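Just so it is clear, none of the values below were taken in a lab; they were calculated from the coordinates. Model, not experiment: these values are computed from the prediction. Quick reminder, even Gly has a Cβ in these numbers, built from the backbone with ideal geometry, and neighbours come from all protein chains shown.
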């Protein structure tokens, strides 16, 4: 039987950390960072390198001594999303590593972008540095970059107390009893449901109340394939139902029949919830369901 | 009809799902500056500003006209807001025109917009107050039953809506401002999309757009550049719930059309009008409005669509711009119809220009097909 392998943890770390002599170019860059500025260096060919390099990577020539302040804003040119940050990463939440071309620079800098989610980033996203509060002359003096503000959320909320009108209350009291209360205009003799106090055609007060049966005819309908909290499932049928004796249709849910078997002209009856469960609302009617009678002529 | 009125400048933004780069003020200004540039004018030359948009709940900005005064150069000038639901863009143009026709002003800037991406129109249209148990879900849920009733009454074959959905998107490919551009759009593509509110399929509905449109209107003495002359204007409305109301072929629309045709001296719209920009947010509304506006007899509108008469190369092109089916910044959609009608008779419609267009109809409707706004514009002064 083989013996267990010998395993031990080992840390290889130069005590205190290696030093890096920056040289004049990188040193200037880090010194400016500590002061909250970002600079690049100009090459003999006129390009501005950010972060600066000591020697022009195109030609091998020394760069000029001209330092150019760039940014602080810049544009993301490419990025990759880090969904699960590691301990050494600059952010403890999902972020992007991005190539950022700072305004005035000809090259891109690699840094972290705190964008919230991957969908918030694209090539072209404008970002700005978020500075560390304890700057010491290190690339981490910029904690990370963050997208520029392009949108705010503006919560608008108005709280009302809604008092149902006298006529609607009267109608809903009827619905609680299992009755549709309508009314008849004394001038045009049209019967309106729900119950109302004036005629939209004649503009006069209506005083003549009528009770309508809970049966009617579907004049037309939609089959809705978008879910709605008021409907039990999709597809659901919302229909114009002309109650027997009424002259205006009501819009209501149709149930107890597959959506695609609903027809214009179909005869339906209200299906009431049990009396004990009723309230002053239209939810007392579960839906309208076919009566089985022959279709009506439209 | 009062004094003569002409459109002398038109400006549009490019229509798109989300304009993330501009505020609402920046959006309307973009259209306004383009209209002024077209007219060769600046804000200094404008006497009054009229703004139109759909319900405030769409962006949650109450009294947007007050907020937009700066962006539209309206400081120290009359500024008003118009609101007639989806027809508002058309009504905005007509209110502006009435200020010229009535001799009150010489130059009026009219602007309409919507930045739909700031919220959700279906939410804004279905706020579900307590006690009411409306089952209407957005505009599609409202209009679908009326389309079904049109199909039953007219006996139109089922593919007519598809034809309109394809035709308008083909036209949109010629309009640089259009939102929906679907290269190779065809019947099969439309028919393969799901039913949202049967009988309305996904590609038979309008998109949700951000955008603005503006026009400069002028009295005869204040005309600059190329005018489109207003030959007739009319608005009508009717209650949404009324016994005997015909929701398929509303009386308000018929009356509005008769009024605007009478003013413009139009006896037979199909013959006397060269191009129409009409409010067709769901494909089936083309045949329905062909009948409502008198281009076809009742029950016959679908035959015009089927014959290709309303295509760009037909005898009465409808929505050469691609229409509402291709771009729908709701508050602006009516004004875009009116502006596109003007561009046609100015000969400035670009690739979707109808050759030799001399007279054009602009049309908008709103609410539960209960608000109507129309104008006829022409190349010649009336």
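Hey, what did chain A get for relative contact order, percent, Cα under 8 Å, at least 6 apart?
Details: 584 pairs, mean separation 29.8, N = 298.
Relative contact order comes out at 10 percent.
Using the alpha-carbon atoms, what tilt in degrees (0 to 90, nearest 10) does helix A:166-177 show relative to the longest principal axis of chain A?
80 degrees
Run the numbers on region A:198-298 and let me know its relative contact order in percent, using alpha-carbon pairs under 8 Å that are six or more apart.
Numbers: 182 pairs, mean separation 25.0, N = 101.
In percent, rounded to a whole number, it is 25.
What is the order of B:348, B:235, fewest Cβ neighbours within 10 Å to most? Each step should come with its number before you reach the end.
Numbers: B:348 14, B:235 21.
Taking fewest neighbouring Cβ atoms as first place, the list is B:348, B:235.
Inside 10 Å of the C-beta atoms of A:213-225, what's the mean count of C-beta atoms belonging to other chains? Intermediate results must be reported in sequence, preceding the final value.
On the way: counts 0, 0, 0, 0, 0, 1, 5, 12, 5, 18, 9, 11, 7.
Partner-chain Cβ atoms within 10 Å, mean over residues of A:213-225: 5.
For the residues B:213, A:185, what sequence is obtained by ranking on other C-beta atoms within 10 Å, fewest first?
On the way: B:213 35, A:185 23.
Taking fewest neighbouring Cβ atoms as first place, the list is A:185, B:213.
If I take the Cα coordinates of chain A and project them onto the principal axes, what are the three extents in Å, biggest first?
98, 74, 37
In a solvent-free Debye calculation with one equal scatterer on each Cα, what is log10 I(q)/I(0) for region A:106-218 at q = 0.10, 0.22 Å⁻¹, listed in the order of the q values?
Rounded to two decimals, the profile gives -0.56, -1.18.
Do the sum for the protein assembly as shown: with -39,500 (n - 2.57) for every DSSP H run of n ≥ 4, divided by all residues, what is the mean residue ellipticity at 222 nm, to the nearest 500 deg cm²/dmol?
Values: 15 runs with 153 residues, N = 680.
So the helix-based figure for the protein assembly as shown works out to -6500 deg cm²/dmol.
Need one number: % antiparallel among DSSP beta bridges in region A:166-290, to the nearest 5.
Working: 29 of 30 bridges.
Of those bridges, close to 95 percent are antiparallel.
Compute the relative contact order of region A:129-237 as a whole-number percentage, counting only Cα pairs closer than 8 Å that sit 6 or more residues apart in sequence. Show your work: numbers first, answer last.
Values: 123 pairs, mean separation 16.4, N = 109.
Answer for region A:129-237 is 15 percent.
From other protein chains only, count the Cβ atoms within 10 Å of every residue's Cβ in B:235-245, then give the mean.
Numbers: counts 0, 0, 0, 2, 2, 1, 7, 8, 13, 5, 5.
Across the residues of B:235-245, the mean count of other-chain Cβ atoms within 10 Å is 4.
Rounded to two decimals, what is the ratio between the C-alpha radius of gyration of region A:23-147 and 2.2 N^0.38 Å? List each step's numbers first, then the result.
Details: Rg = 14.7 Å, N = 125, 2.2 N^0.38 = 13.8 Å.
Scaled against compact globular proteins, the figure is 1.07.
If each residue's Cβ is checked for other Cβ atoms within 10 Å, how do B:189, B:374, B:63, B:79 rank with the fewest at the top? Don't skip to the answer; put the middle values down first.
Details: B:189 15, B:374 32, B:63 9, B:79 18.
Ascending number of Cβ neighbours within 10 Å: B:63, B:189, B:79, B:374.
For chain A, find the longest principal axis of its Cα atoms and tell me its angle to the long axis of helix A:23-34, 0 to 90°, nearest 10.
40 degrees
Dividing the Cα radius of gyration by the Kirkwood radius, what Rg/Rh value follows for the protein assembly as shown? Write down the numbers at each step before the final one.
Working: Rg = 31.8 Å, Rh = 29.1 Å.
Result: Rg/Rh = 1.09.
Considering every residue in A:243-252, what mean count of other chain Cβ atoms within 10 Å of its Cβ is obtained?
Details: counts 0, 0, 0, 1, 4, 5, 5, 3, 7, 3.
Going residue by residue through A:243-252 and averaging, the value is 3.
Just check region B:292-382 against the gyration tensor rule for me: Cα atoms, a ≥ b ≥ c as the square roots of the eigenvalues, rounded for a/c under 1.5, and otherwise prolate or oblate depending on whether a/b exceeds b/c.
Numbers: a/c = 1.43, a/b = 1.08, b/c = 1.32.
Cα axes put region B:292-382 in the rounded bin.
On average over all directions, what projected area in square nanometres does region A:186-298 have, based on the convex hull of its Cα atoms? Before the final figure, lay out the partial values.
Working: hull surface 33.1 nm².
Its Cα hull, projected and averaged over all orientations, spans 8.3 nm².
Could you let me know the centre-to-centre spacing of region B:246-272 and region A:44-75, using Cα atoms, in angstrom?
70 Å
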